[in-house]
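Read the structure below first, then the notes.
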Amino acid sequence: MVKIGFLTQRMRSGFGVDVVVHNVAEGLVNKGHEVIVYCCESDETYKDISYEIKRVLAPPEKYFPVWEINSIHTFRKLKDDSNDLFICETFPYYSSLLLSHKPCIMLDHGLPNIAGFSLLTKLNIKYITLTQNYIYFNFANKLCTISNFLKKQYPYHLRKRVQVIYNGVNHYPEVNNSRSIEFRDKIGVAKDDILLLYVGRLTPEGQPYKGVIELVNIYDHVKSKNEKVRLLMVGLGNEDDVRFLRRHGVIPYINAPVEEMPIIFSSCDVYVTATRWEGFNLPLGEAQYFGKPAVAYEIGAHPEIVENEKSAFLVSSKADFIKFISLLAQNENLRMEMGANAKRNAKKFTWEKSVREYEKTILKILK
């Protein structure tokens, strides 16, 4: 048995990194290891779990160097916990590991394109990039990331040391078809409507690269030609986001409970996302797991997560985005064929496979 400590910003609903930490932690416990997840904030999303969550780490600060200094101070509270190894998931906790004298895996989920962010956010992202690539990652016993796309972003001196461990996408249960029909009725979507689904952040200012406004604009064009096409957008948001989406005929569902996500994915006909950067794109993988064809931009890790023109259409222009949504909306046989391919493709991304890779890496480091 190995005692493993995870360091991560939070354990809350609506965040992909948190889903990854939860599933890897559960998997390692199932393999006989002891796991504690250290974070600065958590909610009731992850309950009835087999590992322990401790809220001890430094909360976010406006200026990231300040946050990093605070994180080093709070990390000292862990000195009495006899972990054999740490897995660090997020900034600013990489720097703390330099003081621990314990073996560590530094996991990188990637940093987004800075276009559209405020000046302060751009400077913070640049600070993270420089300190991680040229200081902290060099001291990791093992540096892991979640896609080959991210691996290629590293400077050469790091790239040759990086191990890619894909996320799993099979964390939701299968859903009875009658529940999907009930959900569509509840949100006002008819049986013969074609329901598009997007899952992710809904506030454009928070993460501009997610392409929320662009996706709404694409939907405006699609529905002007086919009034049977509907769009459901699910994710973290606020009432301003709801008003904006409703003005465009979009069905908004903010802050959906985790237990409803399987029903939501099962209820759609096509998954869509106009995001311009993704280190993995968990919702796209989840949609594949539920056998849903997709339309997305050919960016980031998307070519690794879907099979272009088999389980999804990866496009390079807004015109093609509109074209392929319209094609899938009009062709049920194509949706069924691509959906079957998507379900088959998703079998490459399981948590069982991910956890085996993590355990193998952990045992090799401690050997």
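The values are calculated or read from the model by the stated rules, or taken from the named source; none is laboratory data. Since the structure is predicted, the reported quantities are computational estimates derived from the model, not experimental observations. Here Cβ is always computed from backbone atoms with ideal geometry, including for glycine, and neighbour counts include all displayed protein chains.
I'm trying to understand the selection: among the residues of region 249-284, which are assigned to a helix (DSSP H, G or I), over 18 Å from Ser13 (Cβ atoms) and not hydroxyl-bearing (Ser, Thr, Tyr)?
Leu284
How many of the residues in region 67-97 are surrounded by fewer than 22 Cβ atoms within 10 Å (Cβ to Cβ) and in a strand (DSSP E or B)?
Number satisfying all stated conditions: 1.
Can Glu359 be described as at pLDDT 95 or above, closer than 30 Å to Ile4 by Cα and either assigned by TED's automatic domain parsing to the domain that holds Tyr209 or not small (Gly, Ala, Ser) (or both)?
So Glu359 passes the test.
Matching residues to (1) assigned by TED's automatic domain parsing to the domain that holds Ala140; (2) buried (at least 21 other Cβ atoms within 10 Å of the Cβ); (3) under 22 Å from the mean Cα position of the chain (by Cα); (4) touching a residue at least 40 places away in the same chain (Cβ under 8 Å):
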{"site": "Gln9", "(1), (2), (3), (4)": "yes, yes, yes, yes"}
{"site": "Asn23", "(1), (2), (3), (4)": "yes, no, yes, yes"}
{"site": "Leu28", "(1), (2), (3), (4)": "yes, yes, yes, yes"}
{"site": "Ile36", "(1), (2), (3), (4)": "yes, no, yes, yes"}
{"site": "Ser42", "(1), (2), (3), (4)": "yes, no, yes, no"}
{"site": "Thr45", "(1), (2), (3), (4)": "yes, no, yes, yes"}
{"site": "Pro65", "(1), (2), (3), (4)": "yes, no, no, yes"}
{"site": "Leu99", "(1), (2), (3), (4)": "yes, no, no, no"}
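State which residue pairs qualify: first residue more than 15 Å from Ser326 (Cβ to Cβ) and inside region 212-224, second residue among the charged types (D, E, K, R) and not in a helix (DSSP H, G or I) in any location, beta carbons under 8 Å apart, and separation of 6 or more residues or different chains.
Here the result reads Val212/Arg201, each pair linking region 212-224 to a residue that is among the charged types (D, E, K, R) and not in a helix (DSSP H, G or I).
Of the residues Asn217, Asn170, only one is within 30 Å of Ile365 (Cα to Cα) and surrounded by fewer than 20 Cβ atoms within 10 Å (Cβ to Cβ); which?
After ruling out the rest, the residue left standing is Asn170.
Looking for whichever is crowded, with 23+ Cβ neighbours inside 10 Å, closer than 15 Å to Leu215 by Cβ and out of contact with any helix residue (DSSP H, G or I) (no Cβ under 6 Å at 6 or more places or on another chain) here; the options are Val295, Val272, Val306. Which one fits?
Val272
List, please: which pairs have Cβ atoms under 6 Å, are six or more places apart or on different chains, and start with a residue in region 262-282 that is assigned by TED's automatic domain parsing to the domain that holds Glu304 and at positive phi and end with one that is modelled with pLDDT of 95 or more and surrounded by 23 or more Cβ atoms within 10 Å (Cβ to Cβ)?
If the second residue must be modelled with pLDDT of 95 or more and surrounded by 23 or more Cβ atoms within 10 Å (Cβ to Cβ), the pairs left are Asn281/Ile305.
Would you mind finding the one in Lys47, Lys62 that is among the basic types (Lys, Arg), farther than 26 Å from Glu352 by Cα and part of a loop (DSSP other than H, G, I, E, B)?
Lys62
Just for region 234-248: of the residues that are free of Cβ contacts under 8 Å to residues at least 60 places away in the same chain and surrounded by 14 or more Cβ atoms within 10 Å (Cβ to Cβ), which one is farthest from Gln207 (Cα to Cα)?
Only one residue tops the list, namely His248.
Could you please tell me which pairs satisfy a Cβ distance under 7 Å, a separation of 6+ or placement on different chains, a first residue in region 72-84 that is over 15 Å from Gln9 (Cα atoms) and of a type in the set (Gly, Ala, Ser), and a second residue that is modelled with pLDDT of 90 or more and not in a helix (DSSP H, G or I)?
Every condition considered, the pairs that remain are Ser82/Lys3.
Before we move on, is Gln132 over 30 Å from Pro252 (Cα atoms) and touching a Phe, Trp or Tyr at 6+ places or on another chain (Cβ under 7 Å)?
Considered against the rule, which asks whether it is over 30 Å from Pro252 (Cα atoms) and touching a Phe, Trp or Tyr at 6+ places or on another chain (Cβ under 7 Å), Gln132 comes out as yes.
Among the listed residues Asn341, Asn345, Asn333, which satisfies the condition of being modelled with pLDDT of 95 or more, in contact with a helix residue (DSSP H, G or I) (Cβ under 6 Å, 6 or more places away or on another chain), closer than 18 Å to Gln288 by Cα and in a helix (DSSP H, G or I)?
On inspection, the qualifying residue turns out to be Asn345.
Kindly evaluate Asn113 against the criterion of being surrounded by fewer than 16 Cβ atoms within 10 Å (Cβ to Cβ), at pLDDT 95 or above and within 19 Å of the chain's Cα centre (by Cα).
Judged against the criteria, Asn113 is not a match.
Looking at (1) more than 30 Å from Lys142 (Cβ to Cβ); (2) buried (at least 20 other Cβ atoms within 10 Å of the Cβ); (3) touching a residue at least 60 places away in the same chain (Cβ under 8 Å), which is the one condition that is false for Ala342?
(3)
Among the residues of region 139-182, which ones are over 25 Å from Trp277 (Cα atoms) and out of contact with any strand residue (DSSP E or B) (no Cβ under 7 Å at 6 or more places or on another chain)?
Passing the criteria: Phe139, Pro173, Glu174, Val175, Asn176, Asn177, Ser178, Arg179, Ser180, Ile181, Glu182.
Regarding Val164, is this residue surrounded by fewer than 19 Cβ atoms within 10 Å (Cβ to Cβ) and touching a Lys or Arg at 6+ places or on another chain (Cβ under 8 Å)?
For Val164, the condition - surrounded by fewer than 19 Cβ atoms within 10 Å (Cβ to Cβ) and touching a Lys or Arg at 6+ places or on another chain (Cβ under 8 Å) - is met.
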